[in-house]
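A quick write-up on the structure given underneath.
The values are calculated or read from the model by the stated rules, or taken from the named source; none is laboratory data. This one's a predicted model, so the numbers in the text were calculated from it and none came from an experiment. Counting neighbours? That spans all protein chains shown, and the Cβs are built from the backbone with ideal geometry, glycine included.
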Amino acid sequence: MYLVAIIDLHSRYVLNWSVSNSMEANWCKECLEEAIRLHGKPEIINTDQGSQFTSEEFSSFVLSQEIRLSMDGKGRATDNAFIERLWRNVKYEKLYLNPPKDGMDLYLLLAEYFNYYNHARRHEALDYEIPAEIYAKQAA
């Protein structure tokens, strides 16, 4: 199974996420579209150079929305540090402790974790504040 997430870098708030049994550009585009519907359009989106993000379908959608597209380059591992940290947290704080039985169980575990992550988990890098609280402040 594959996981994609859209996060706000300032607050670390997970704006949207999705799981799929195939890594396709349309799936990633739909996750971003829903994040935009729910939270508005960002000025810039940063992705890695995976084929789903470099595809014509995904990149054309981003650019058609007048969103700047930034992709991590070779040797620029720190560009992706925020999402990589999220993946680490998901694995070590939830999935390794509660291995999912199937795709539906994985979805439910992730829904529970992202709710906790956004609304209860305090982040050292955010002076021990909660992402939802910081996100709400910047949105106001």
Checklist entry - List pairs: first in segment 26-42 and within 14 Å of L63 (Cβ to Cβ) and surrounded by fewer than 15 Cβ atoms within 10 Å (Cβ to Cβ), second at pLDDT 95 or above and among the small types (G, A, S), Cβ under 7 Å, 6+ apart or cross-chain? => result none
Checklist entry - Do the conditions hold for D79, that is, is it in contact with a helix residue (DSSP H, G or I) (Cβ under 7 Å, 6 or more places away or on another chain) and modelled with pLDDT under 90? => result no
Item to check | Number of the exception - P99 against (1) within 19 Å of V14 (Cβ to Cβ); (2) part of a loop (DSSP other than H, G, I, E, B) | outcome: (1)
Checklist outcome for this item: By residue number, the members of segment 2-24 that are aliphatic (A, V, I, L, M) and modelled with pLDDT under 95 are L9, M23
Item to check | Tally, over segment 78-113, of residues that are surrounded by fewer than 12 Cβ atoms within 10 Å (Cβ to Cβ) and of a type in the set (S, T, Y) | outcome: 3
Item to check | Index of the failed condition, S70 passing every other in (1) touching a Lys or Arg at 6+ places or on another chain (Cβ under 9 Å); (2) of a type in the set (S, T, N, Q); (3) over 22 Å from Y113 (Cβ atoms) | outcome: (1)
Item to check | Residue count, segment 86-140 (criterion: among the hydroxyl-bearing types (S, T, Y) and either free of Cβ contacts under 8 Å to residues at least 40 places away in the same chain or more than 25 Å from T47 (Cα to Cα) (or both)) | outcome: 5
Item to check | Candidate set from segment 52-68 (those that are part of a helix (DSSP H, G or I) and more than 18 Å from the chain's Cα centre (by Cα)); member that is nearest to E24 (Cα to Cα) | outcome: E57
Checklist entry - When you look at W17, is it of a type in the set (A, V, I, L, M, F, W, C), exposed (fewer than 15 other Cβ atoms within 10 Å of the Cβ) and touching a residue at least 40 places away in the same chain (Cβ under 8 Å), yes or no? => result no
Checklist entry - Restricting attention to segment 114-140, which residues are assigned to a loop (DSSP other than H, G, I, E, B) and surrounded by 11 or more Cβ atoms within 10 Å (Cβ to Cβ)? => result R121, R122, I130
Next on the checklist: Given the criteria at pLDDT 95 or above, of a type in the set (K, R), within 14 Å of the chain's Cα centre (by Cα) and in a helix (DSSP H, G or I), does K29 qualify?
Outcome noted: yes
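Residues checked against (1) closer than 22 Å to L106 by Cβ; (2) hydroxyl-bearing (S, T, Y):
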residue: V4; (1), (2): yes, no
residue: H10; (1), (2): no, no
residue: S22; (1), (2): yes, yes
residue: L32; (1), (2): yes, no
residue: T54; (1), (2): no, yes
residue: E66; (1), (2): no, no
residue: I83; (1), (2): yes, no
